[in-house]
Amino acid sequence: GEGRLWGGRFASGPDRAAWDLGRSIHFDARLWPYDLSGSRAHADELQRLDLVTDDDHDAIVTALATIEEEFTDGTFAFLDDDEDLHGAVERRLIELCGAAGGRLRAGRSRNDQIVGDLRLYLADTIPVLTEQLRNIQTALADQAEGAVDWIAPGFTHLQRAQPVTLAHHLLAHAWALDRDVARLADCRARLLDFSPLGSGAMAGLTLPLDPQRYADALGYTGVGPNSMDTVADRDFAVEFLSATAMIGVHLSRLCEEVVLWASTEFGWCRVGDAFSTGSSIMPQKRNPDVAELVRGKTGRLIGSLVTLLVTLKGLPLTYNRDLQEDKEPVFDAVDTLMLALPAVAGMMASLVFDRQRLAGTAAGGFSLATDVAEALVVAGVPFRSAHERVGELVATCEGRGIDITDLTPDELVGTMPELDADQVSSLLDPMGAVHRRNAVQGPAPEAVRGQLATLRDRIG
Ligand code: ARG
């Protein structure tokens, strides 16, 4: 029990099972850079207030530098008595600089320390995730660049709906990821606006430490206004996990499409060799495992969000040990995304699309029916009856085993005399259908070029 942070009031040490249950060092050790920067700021503050002599301050700072080296090169030795990171650091500090190391705990609690560590960890992690998201957007933008005028079928209900350009479809996914980037940035700004240091265990401090100085020293933009809220609040972690769950859902939807597109039945694209896998029994197989794994891992990301929400929901203020359960879902979300994001970026870059196949399926399935109905509207027909008449035409064509696009211009004008005979052939051309949809958010090549430029701007 010598190494523990608390023992004074107990006659005996903890039971083995109780100690094992409570230890968090095996997962919270990854917060060491933030625990050490917080400790340095705290040593400075204690020195400024003459609560620690200059000599003791220097001894502490030197020992903290040694500890940093040990963590960096992986030689920091964890002991069984190390309950959590904060305890391990203090134990090592005292080994390195003696009694001076025991002075650093004045004026802080693990309750405010752990919130600070986790906030700063997320503040550093978000830009890394953002860069990975940007890489996927870039892969999508590069694919789109080469497919600005490639016609593709657009779906609703997974039934062919209206033709689009492949670029338009790919960029739809890139815009979803753009909102994820914004959500992470928003989460980061808010978590940095709430320095917990000075909140102590929950009621602030009797020592005259200056919360604003901590905030300034550690890169926070503000100080949490209520010590009880600050040590009990895990909103920032929920916001982060909500953003990462949303990222998971976006990746999963993209990956689901890749699985479909790569099937023989769709035949839209081929996943590159480096992102495909084979079968142990079927020699011909070429499986999109990367896409499936990412779709699968989304379950963990959603689970982590739910885990933390459920952990929090019944907790009375302020700190409860349940809060120690906040970190593993956060770390798992980060680790999961750090595996998934680069794989998705690489997989998307590796796709080779089949332009002919896409064009072939874009025309079928009566996907130009809306266009014919809208041409009738332009000719003065109320949409309700235009819709009805084109519907009947679809049924007739279906009976003959052909598509509307298989009608000759004369046949079409025969049933729809309001239509302008000169425009009928362009009306039945899927490329014409795409070019007509040239509003700023539409799939027309010229609109998509604008969209692509805007996206590239945002990617930076
Ligand atoms: N390791 C704890 C956590 O992650 C911090 C320690 C607070 N422990 C306590 N008994 N107050 O939340």
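Give the residues of segment 22-40 that are hydrophobic (A, V, I, L, M, F, W, C), more than 16 Å from L79 (Cα to Cα) and within 13 Å of the ligand (Cβ to nearest atom), sorted by residue number. Scanning segment 22-40 gives a single hit, L31. Against the numbered list (1) in the same structural domain as A174 (by TED's automatic domain parsing); (2) closer than 18 Å to P409 by Cβ, M347 comes up short only at (2). Of all residues in segment 314-333, those that are touching a residue at least 60 places away in the same chain (Cβ under 8 Å), assigned to a helix (DSSP H, G or I) and either more than 13 Å from the ligand (Cβ to nearest atom) or surrounded by 19 or more Cβ atoms within 10 Å (Cβ to Cβ) (or both) total 6.
Got a sec? Which of A439, A421, A386 is small (G, A, S) and surrounded by 18 or more Cβ atoms within 10 Å (Cβ to Cβ)?
Only one candidate qualifies: A386.
The one condition from (1) within 16 Å of the ligand (Cβ to nearest atom); (2) under 32 Å from the mean Cα position of the chain (by Cα) that R105 does not meet is (2). Summed over segment 120-164, the residues that are of a type in the set (A, V, I, L, M), modelled with pLDDT of 95 or more and assigned to a strand (DSSP E or B) give a count of 3.
Right, T311: within 23 Å of the chain's Cα centre (by Cα), within 12 Å of the ligand (Cβ to nearest atom) and crowded, with 18+ Cβ neighbours inside 10 Å or not? When the stated conditions are applied, T311 passes them. Among the residues of segment 114-122, are any acidic (D, E) and away from the ligand (no atom under 16 Å from the Cβ)? Within segment 114-122, not a single residue is acidic (D, E) and away from the ligand (no atom under 16 Å from the Cβ). Scan H435, H387 and give me the residue that is without any contact (Cβ under 8 Å) to a residue 24 or more places away in the chain and within 20 Å of V164 (Cα to Cα). After applying the criteria, what remains is H435.
The set of residues in segment 394-420 being among the hydrophobic types (A, V, I, L, M, F, W, C) and under 46 Å from the mean Cα position of the chain (by Cα) consists of V394, A395, I402, I404.
Answer yes if at least one residue in segment 172-187 is β-branched (V, I, T) and out of contact with any helix residue (DSSP H, G or I) (no Cβ under 9 Å at 6 or more places or on another chain), and no otherwise. If you could, list the steps in order and put the result at the bottom.
Taking segment 172-187 and keeping what is β-branched (V, I, T), we get 181.
Those still in the list that are out of contact with any helix residue (DSSP H, G or I) (no Cβ under 9 Å at 6 or more places or on another chain) too: none.
No - not one qualifying residue is present in segment 172-187.
Filter segment 81-102 down to the residues that are more than 21 Å from L209 (Cα to Cα) and away from the ligand (no atom under 16 Å from the Cβ), then identify the one that is surrounded by the fewest Cβ atoms within 10 Å (Cβ to Cβ). I'd like the intermediate steps shown before the answer.
Pass one, segment 81-102, residues more than 21 Å from L209 (Cα to Cα): 81-85, 87-89, 91-99.
With away from the ligand (no atom under 16 Å from the Cβ) added as a condition, the list becomes 92-99.
Working: R92: 23, L93: 24, I94: 17, E95: 14, L96: 18, C97: 21, G98: 12, A99: 9.
That would be A99.
Taking segment 206-225 as the range and being of a type outside the set (V, I, T), more than 12 Å from P196 (Cα to Cα) and part of a loop (DSSP other than H, G, I, E, B) as the test, the residues that pass are L207, P208, L209, G219.
Can you tell me how many residues within segment 193-203 are within 16 Å of the ligand (Cβ to nearest atom) and surrounded by fewer than 22 Cβ atoms within 10 Å (Cβ to Cβ)?
Pass one, segment 193-203, residues within 16 Å of the ligand (Cβ to nearest atom): 196-197, 199-203.
Now narrow it down to the ones that are surrounded by fewer than 22 Cβ atoms within 10 Å (Cβ to Cβ): 200-203.
Adding up the residues that qualify gives 4.
Give the number of residues within segment 226-253 that are touching an Asp or Glu at 6+ places or on another chain (Cβ under 6 Å) and in a loop (DSSP other than H, G, I, E, B). Within segment 226-253, residues that are touching an Asp or Glu at 6+ places or on another chain (Cβ under 6 Å) and in a loop (DSSP other than H, G, I, E, B) number 1. Counting residues in segment 170-192 that are within 16 Å of the ligand (Cβ to nearest atom) and either in contact (Cβ under 8 Å) with a residue 40 or more places away in the chain or more than 13 Å from I459 (Cα to Cα) (or both) gives zero.
The values are calculated or read from the model by the stated rules, or taken from the named source; none is laboratory data. Note that the structure is predicted; figures quoted are calculated from it, not measured. Using ideal geometry, Cβ is built from the backbone for each residue, glycine included, and neighbour counts are taken over all protein chains shown.
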